[in-house]
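Colleague: Encoded as structure tokens, here's the structure I'll be asking about.
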Amino acid sequence: MAITRWDPFNDLRALSRRVERAMEPMYGNLPFFREAMPLGDVGMWPAVDVYEDKEEIVFRAELPGMEQKDVDVRIEDSTLTFQGTRRLFKEEKKENYQRVESSYGTFTRSFALPGTIDRERVRAEMKGGILEVHVPKREGAKGKSIPIQ
């Protein structure tokens, strides 16, 4: 009988694959939904909506109370990264309590991008605490209709 070494991370990897397969009907098999959530203290974790049409992929991040100078948007290799810091601007103190309900701190969100994007035409805009990053697709990647004979 052979001795088999037990690796506790095998169970975690199997669970991760099962969860990914379970989520696939909701999000599809889109590579930019596969992102790594950091371990440890997350700080702020802004919500990001991602949608795609024939022309581009759009990332819409909710960053209430933040300004353009507080956020950095980068594309490195095939990864789009948003990072920044939301600072506590007012504390309400009365008697023996302190109340802070909003999320504050640093954040980083990264998304894998497909190889069909046009990196030179990526643009970002921020209005009213909503960051939108438009990632256009290259001309050849948009596809074309093929008539059936």
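The values are calculated or read from the model by the stated rules, or taken from the named source; none is laboratory data. Please read these numbers as outputs of a predicted model, since none were measured by experiment. Don't worry about glycine lacking a Cβ; one is built from the backbone with ideal geometry, like all the others, and counts go over all protein chains shown.
Colleague: Report yes if some residue within region 78-88 is under 17 Å from D49 (Cα atoms), out of contact with any Leu (no Cβ under 9 Å at 6 or more places or on another chain), of a type in the set (S, T, Y) and at pLDDT 90 or above; otherwise report no.
Modeller: Scanning region 78-88 turns up at least one residue that is under 17 Å from D49 (Cα atoms), out of contact with any Leu (no Cβ under 9 Å at 6 or more places or on another chain), of a type in the set (S, T, Y) and at pLDDT 90 or above.
Colleague: Next question. Could you check how many residues of region 118-149 are of a type outside the set (D, E, K, R), modelled with pLDDT under 90 and not in a loop (DSSP other than H, G, I, E, B)?
Modeller: Matching residues across region 118-149 total 2.
Colleague: Across region 57-80, what is the number of residues that are within 12 Å of the chain's Cα centre (by Cα), surrounded by 14 or more Cβ atoms within 10 Å (Cβ to Cβ) and among the polar types (S, T, N, Q)?
Modeller: Let us first name the residues in region 57-80 that are within 12 Å of the chain's Cα centre (by Cα), namely 58-62, 73, 79-80.
Filter once more, so that each one left must be surrounded by 14 or more Cβ atoms within 10 Å (Cβ to Cβ): 58-61, 73, 80.
After this cut, where a residue has to be among the polar types (S, T, N, Q) as well, the list is none.
Within region 57-80, residues that are within 12 Å of the chain's Cα centre (by Cα), surrounded by 14 or more Cβ atoms within 10 Å (Cβ to Cβ) and among the polar types (S, T, N, Q) number 0.
Colleague: If you check every pair at least six apart or on different chains, which have Cβ atoms under 8 Å apart with a residue in region 53-79 that is under 18 Å from S110 (Cβ atoms) and among the polar types (S, T, N, Q) first and a residue that is assigned to a loop (DSSP other than H, G, I, E, B) and modelled with pLDDT under 95 second?
Modeller: Every condition considered, the pairs that remain are S78/L113; S78/P114; S78/G115; T79/L113.
Colleague: May I pose another question? Say we look at region 7-56 and pick out the residues that are at pLDDT 55 or above and among the β-branched types (V, I, T); which of these is farthest from the chain's Cα centre (by Cα)?
Modeller: This residue is V19.
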